[in-house]
Every structure is written in C-alpha cells, then in structure tokens.
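Following: one structure in structure tokens, then a few remarks.
Since every read-out is calculated from the coordinates, none of them should be taken as a lab result. None of these values were measured; they are calculated from a predicted model. Cβ atoms come from the backbone with ideal geometry, glycine included; neighbour counts cover every protein chain shown.
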Amino acid sequence: MSEFVADSRGAKKRDYWWTVLATDPVALPVTRFLAKRRLLSPDAVTGLALFFGLAVFPAFAIAERWSLALGGVFFYLAFVLDCVDGKLARALGVTSARGAALDALADGGRRAAGALGLVFYLWRADGYGLGSGYRHDVILAAVYAVLAYYFIEISGAEKGQISSKVGGRWDRALAERRLLPNPGMPDVQAVVFILGPATGLVVPALWVGIAMVSAAILLTVRRRLRAP
C-alpha cells in the first residue's frame with residue numbers, strides 16, 4: 001500500500017524523515033509563494049533543481065573543504081526544488097508526462113553528480129579520506145552508487161512503492177507527525193551527500209549509507225520472496 005497521498009498543502013500524508021523534518025519546512029512555504037505569485041512554472045522549478053543538482057559534481061570535485069560543504073548545500077537546494085516542483089504542479093493542476101520525465105531527469109542527475117563528485121573528491125583530497133595508496137576509500141563511493149542504483153531498481157522507490165507495515169503505537173505516533181517508520185533513499189542521500197560533506201566526514205557517511213542501503217536491499221528481497 002502506498003502512503004504517498006498528498007494533503008491539502010501538497011505535502012504527502014506520510015513521507016521520509018529527511019523530507020518531513022528538513023525539506024518540507026522550506027519547500028511548503030516556497031510552493032505557496034510560487035503558487036500565489038505564479039512566478040515560475042513547475043517545469044522551470046525542475047530546471048533549477050537540475051542546475052543545482054549538476055552543480056554538486058564540480059563542487060565536490062574541487063576537493064577543498066569549502067567546496068565540499070558547498071556541494072552539500074547545492075544537493076540540499078536541488079532536493080528542496082525537486083520537492084517544490086511536484087507540490088507546485090499539484091497546486092496549479094498542471095501535472096503532465098513531460099513534467100514527470102523532467103523530474104526523473106533532475107533526480108537522476110542529482111544522484112549521479114553527487115556520486116561522481118565524491119569519487120573525484122576522495123581521489124584528490126589529501127587528509128580527509130581514510131584510505132591511502134590507491135585510495136581504497138574511492139571504492140566506497142562506487143560501492144554506494146551501485147547499491148543505491150540497485151535498490152531503486154528493485155524497490156520501485158521512484159514510483160512511491162514503499163512498505164510501512166509496522167503497526168502499534170510506534171507507527172501511530174509517527175503517522176501523527178507524517179513520518180514513515182522506515183528510512184528511504186532521501187534519508188540515505190542526506191547522510192551521504194549533505195551531512196557527510198557538511199561535516200567533512202565523507203567516508204564515515206559513505207559507510208553509513210552503504211549499511212542503510214544494504215539493509216534496505218535485504219528487506220526488499222525478503223519481502224519479494226515472501227510475496228504470494
């Protein structure tokens with residue numbers, strides 16, 4: 001069952017933690033402002049999301065402490081705008097197949113730019129990575145990218161197909177706050193591409209991201225195998 005149903009504000013009634021706690025507080029007011037003033041179309045917002053998403057790559061690749069943090073800011077802005085375009089399209093009643101295709105392009109571009117940028121960063125950085133010699137920490141970025149891509153493919157994450165069957169007081173308490181009980185790719189991406197770069201703890205963030213995606217893959221495979 002999908003919980004990705006929009007409420008009157010355009011926000012999903014239940015969503016992932018990073019989206020609810022760190023993105024919607026910015027995305028919702030921006031959406032209301034744009035819907036009222038009609039300054040930008042949803043497709044124009046998607047274009048801005050793609051711009052900031054692609055800008056993550058050069059920011060990470062410069063391999064300076066300041067540029068690493070800047071890349072994290074770009075990733076956050078791209079994700080906020082990615083949330084705004086869908087909300088704005090629903091608010092204006094202008095959803096379309098073209099808009100959905102542009103949104104998928106912006107999503108993929110942001111993730112690819114972040115992963116490639118971290119590869120370049122870890123290869124060039126001196127003193128921030130934990131590896132040496134051939135910089136084995138570069139492999140972590142590649143492993144994360146492969147696992148994340150595989151998870152998206154098998155889970156239907158981009159189609160809003162999720163599992164939230166936890167039940168009990170915990171699930172009800174989270175539901176009251178619009179939170180899903182299970183972490184998703186927005187949460188993982190926040191750790192890897194925003195929190196890690198912002199703190200300079202890129203390699204530990206990659207380990208956490210790999211652990212989260214690996215657990216998600218195992219749970220998804222288990223759920224698929226048990227399905228009738």
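List of remarks:
- Estimated at 0.36 nm per residue, the fully extended path between GLU176 and TRP123 surpasses their Cα-Cα distance by 14.7 nm.
- Estimated FRET transfer efficiency (PHE51, ARG169; beta-carbon r; R0 41 Å; 0.05): 0.40
- Expressed as a whole percent, the proportion of Cα-Cα pairs in segment 17-226 lying more than 32 Å apart is 20%.
- Other-chain or far-sequence residues with amide H under 5 Å of LEU179's (modelled H): ASP15
- Separation of the LYS36 and SER214 label points, Cα + 7 Å toward Cβ, nm: 4.9
- Inter-label distance for TYR149 and ALA101, nm, one decimal - labels placed 7 Å from Cα along Cα-to-Cβ: 2.2
- Label-point separation, VAL26 to ARG224 (7 Å along Cα→Cβ), nm: 3.4
- In order along segment 44-49, phi translates into HN-Hα couplings of 5, 5, 4, x, 5, 4 Hz, rounded to whole numbers, per the Karplus curve 6.51 cos²θ - 1.76 cosθ + 1.60 with θ = phi - 60° and x for Gly and Pro.
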